[in-house]
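Quick one: the structure is below, questions incoming.
None of the figures in this text is laboratory data; all of them are computed from the coordinates on show. None of these values were measured; they are calculated from a predicted model. Cβ coordinates were reconstructed from backbone atoms using ideal geometry, including for glycine residues, and neighbour counts include every protein chain displayed.
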Amino acid sequence: MSELEVQPVSEPVAAPAGLSQWQRVAYSFSAPSKTFEDIKRGNKSWWLPVVIFALVGYIFSATVYTQIGMQQVVDNQISLNPAKAEKLAQAPPETRALTNKISIIVTEVAFVASPIIVLIIVALGTLGLWATINFVFGGKATYSNLFVVWLYASLPAIVKSLLGTIIIFAGTAPESFNIKNFAPTNPAAFLNPIDTNKALYALLSSLDAVTIWTLVLLAIGTATVAGVKRSSGYIAVFGWWAIFVVIGVGIAAVFG
């Protein structure tokens, strides 16, 4: 055969098609690695998780507003802190009225602005995780990749909000509703927050099934987009979580 024989040209391998946002949302629950690999490839649209958070959050907020009432929410939080309740009871009527009005406004604003609050928390948390996974564990994650990973990893939070909504409609007594621990996803939810040691209650509240689910997803996603071992992702994510748990328990022990 001639030396000039034409060699067959290999066909270029087509890059895998990116996932849609709906697919990434679904895979966040069923096959999270697919979601995070897709984000690593540069598919970083993130508005759908935010819309889902807002929709589910407003459903929960509307349920609390109509079935519990903002005044009851505020009264319940005051009753959970006997020292504060006693101090408020001894204050002049004008002071009590003003304090009550401000508390209701703050609670309502928190409900309305919850999507913005979520974005702020994710943005700040991403900054710390980005620095940790890159400078401590030698990762190559970009801030934008980690930001999107965090949003998709946080999707299990809607399970807690939906569960809380169902429990309220199932007949939760308004006087026993605790806005800070409204669903039975952690051991503290089954304890009396007044009778239980404050530090212990804070610790048990942190052992939340939905929170741990989110942290596991965040660890997998962080390791994926950073190109490091999963063990590094777990250490980075759960290390920060442990720090905040210790701080929260300490604050509860000192000021509880």
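Keeping to the stretch 181-215, report how many residues are in a loop (DSSP other than H, G, I, E, B), under 15 Å from Val245 (Cα atoms) and not polar (S, T, N, Q).
2
On to the next question. Go through (1) crowded, with 20+ Cβ neighbours inside 10 Å; (2) over 19 Å from Ser45 (Cβ atoms) one by one and return the number of the condition Ala173 breaks.
Just one mismatch for Ala173, condition (1).
Out of the stretch 103-157, which residues are aliphatic (A, V, I, L, M), assigned to a helix (DSSP H, G or I) and under 19 Å from Pro32 (Cβ atoms)?
Residues satisfying the conditions are Val122, Leu129, Ile133, Leu146, Val148, Val149, Leu151, Ala153, Ala157.
Filtering the stretch 220-238 down to residues that are under 16 Å from the mean Cα position of the chain (by Cα) and of a type outside the set (Val, Ile, Thr), which residue is surrounded by the most Cβ atoms within 10 Å (Cβ to Cβ)?
By that ranking, first place goes to Gly221.
Could you please let me know if Lys180 is surrounded by 16 or more Cβ atoms within 10 Å (Cβ to Cβ) and of a type in the set (D, E, K, R)?
Spelling it out, it is not the case that Lys180 is surrounded by 16 or more Cβ atoms within 10 Å (Cβ to Cβ) and of a type in the set (D, E, K, R).
Right, something else. Scan Val228, Val249 and give me the residue that is farther than 17 Å from Asn178 by Cα, outside any helix (DSSP H, G or I) and in contact with a helix residue (DSSP H, G or I) (Cβ under 7 Å, 6 or more places away or on another chain).
Val228
Report every pair of residues separated by at least 6 positions or lying on different chains whose Cβ atoms are under 8 Å apart, first residue within the stretch 110-136 and under 16 Å from Tyr152 (Cα atoms), second among the β-branched types (Val, Ile, Thr) and assigned to a helix (DSSP H, G or I).
As it stands, the answer is Pro115/Val50; Val118/Val50; Leu119/Val50; Leu129/Thr222; Leu129/Val237, since those pairs meet every condition given.
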